[in-house]
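Here the structure is laid out as structure tokens; the discussion comes afterwards.
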Amino acid sequence: MEFGLQFFPDVSPQQKSGAQYFHEALHLVSLCDKLNYTNVRIVEHYFHPYGGYSPNPIVFLTAASQQTRKARLITGAVLPVFNNPLKLAGEIGMLDAISNGRLEVGFARAFLPHEFARFGIDLNESRARFVEGMEQVRCLLEAENVTMEGKFHSFDNVTSLPRPTQTPRPPFWVACLATPESFVTAGEKGYGVMAIPLAGGKMAELIKLYRDAWKSAGHPGQGKVMLAFHMFCAPTEEQAIAIARQPLNSYLKSLVEAASDWLTGTCSVDYPGYDKIIASLQQETFESQIEKGAAWIGTPEKLRKTIANYYERVGGFEVASMQVNFNTISVENATASVELFAEEVMPHLTEKQVGVN
């Protein structure tokens, strides 16, 4: 199992400036090589404290590439619906070059109605824009002199520059939430899956669907699954709860607030059941997240057991992408947490202990 750091800014300017947030985040990135964190990941969101400090993952990951010489850099994820594929392909090639071939590209559909409204894009075009945009970026990265006629973007005889450092391109991931078809399609195409156990979905079933589709399509191995968790490790349970409880509850509240349009009548054929998903998130708390294994918070001993149990429950996964400075957790506390986790949790989660193939 690999462990990486995920940055999901969830702060307002009144709580923390952009300059402060990114200074702190890059400090945490600088610890990766020493502490054996294998990847760094950041989101793409807009306009709201929930994620809005990161409208372009490429920008942050470029800075991160200069703070670590070994960690992989993962967009978690870029949103084709809000990006021209010609520009996105060029940025991907540029970061792959700057990082000497350490980039991995995660794609997502976006799900916050307020972002679609502000960009003037119909929610019902979400899936079509995602499929077209991702395929156009793939073709631009893998080939030269590319011509494509799309519903939303078309271009003729284009060679994207710079060419990818990795051959034929950086690895691709697809963000999936709870729709079985999304997991199956990612497996069929040979892409990794980014998933979130936040809402306590049937993760074991979804991962199995993905792995079965991967194997049925004839790809070698069993694919790659990355799951996202909130993590805070402290010497005592009391200290972990005292520091992490309020920030995690605030993060959950901010998520529901950012997605609240789904609760007030917004609907889309491309997002069936999202009103129920967001309504269920309204009921989530610090305690329920820990109980479900979606939040790893506690002492090293507790976290070793929590992670091993969750791993077995879902049938295994390859990468844990951990939010370590969520909401208002200070950089000092986050630093102590990632150091303690690296020293007293990671070494115990060997292949033999967690059953990694």
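With a 1.4 Å probe and all protein chains kept in place, how much accessible area does D156 have, in Å² rounded to the nearest 10?
110
Among the lysines, select those whose C-alpha is under 21 Å from the C-alpha of K151, and discard any that sit fewer than 8 residues away in the same chain.
K87
Give the separation of the Cα centroids, the stretch 34-113 to the stretch 136-153, in Å.
When both Cα centres are located, 20 Å separates them.
If you compute Rg and Dmax of the Cα atoms in Å for the structure shown, which of [x] 23.1, 80; [y] 19.1, 66; [z] 19.5, 61 do you land on?
[z]
Which lysines have a Cα less than 16 Å from the Cα of K215, not counting those fewer than 8 places away in the same chain?
Of all the lysines, those that pass the test against K215 - Cα under 16 Å, at least 8 places apart if same chain - are K189, K224.
Could you work out what % of the accessible surface of the stretch 1-138 is carbon and sulfur, using a 1.4 angstrom probe and leaving DNA, RNA and ligands out of the count?
Working: 2660 of 4830 Å².
Using a 1.4 Å probe with all protein chains present, the stretch 1-138 comes out at 55 percent carbon and sulfur.
Based on DSSP, what percent of beta bridges with both residues in the chain are antiparallel, to the nearest 5? Present the calculation step by step, with values, prior to reporting the outcome.
Values: 4 of 39 bridges.
Taking every DSSP beta bridge within the chain, about 10 percent pair in antiparallel fashion.
Once every DSSP H run of n ≥ 4 in the chain is given -39500 (n - 2.57) and the sum is divided by its residues, what mean residue ellipticity at 222 nm do you get, rounded to the nearest 500 deg cm²/dmol? Don't skip to the end; give the middle numbers.
Working: 14 runs with 158 residues, N = 357.
So the helix-based figure for the chain works out to -13500 deg cm²/dmol.
When ligands, DNA and RNA are left out and all protein chains stay put, how many square angstrom of accessible area per residue does the stretch 283-341 have with a 1.4 Å probe?
For the stretch 283-341, the per-residue accessible area is 34 Å².
Give the accessible surface of the stretch 21-153 per residue, rounded to a whole number of Å², with probe radius 1.4 Å and ligands, DNA and RNA excluded.
Values: 4990 Å² over 133 residues.
Here the residues of the stretch 21-153 average 38 Å² of exposed surface.
Would you mind telling me the share, in percent, of accessible area of the stretch 149-284 contributed by carbon and sulfur at probe 1.4 angstrom?
Numbers: 3570 of 6540 Å².
It is 55 percent, rounded to a whole number.
Considering the options P247, G52, A195, tell which one lies farthest towards the positive end of the dipole of the chain, charges being +1 on Lys and Arg and -1 on Asp and Glu at the Cβ, about the Cα centre.
Highest projection toward the positive end goes to A195.
Checking the cross-link filter: which lysines have an alpha carbon closer than 22 Å to that of K34, excluding same-chain neighbours under 8 positions apart?
K70
Leaving out ligands and nucleic acids, and using a 1.4 Å probe, what accessible area per residue does the stretch 198-281 come to in Å²? Show your work: numbers first, answer last.
On the way: 3870 Å² over 84 residues.
On a per-residue basis, the stretch 198-281 sits at 46 Å².
Residues of the stretch 274-308 with the amide nitrogen closer than 16 Å to a label point 7 Å from the Cα of L35, along Cα-to-Cβ, please.
Only 296-301, 303-304 pass the distance filter.
The values are calculated or read from the model by the stated rules, or taken from the named source; none is laboratory data. Small disclaimer: the values here were computed from a predicted structure and weren't measured. Virtual Cβ from ideal backbone geometry, glycine too; neighbours counted across all protein chains shown. Keep in mind that these areas ignore ligands, DNA and RNA; they rest on the heavy atoms of the full protein, side chains included. Shrake-Rupley method; radii C 1.70, N 1.55, O 1.52, S 1.80 Å.
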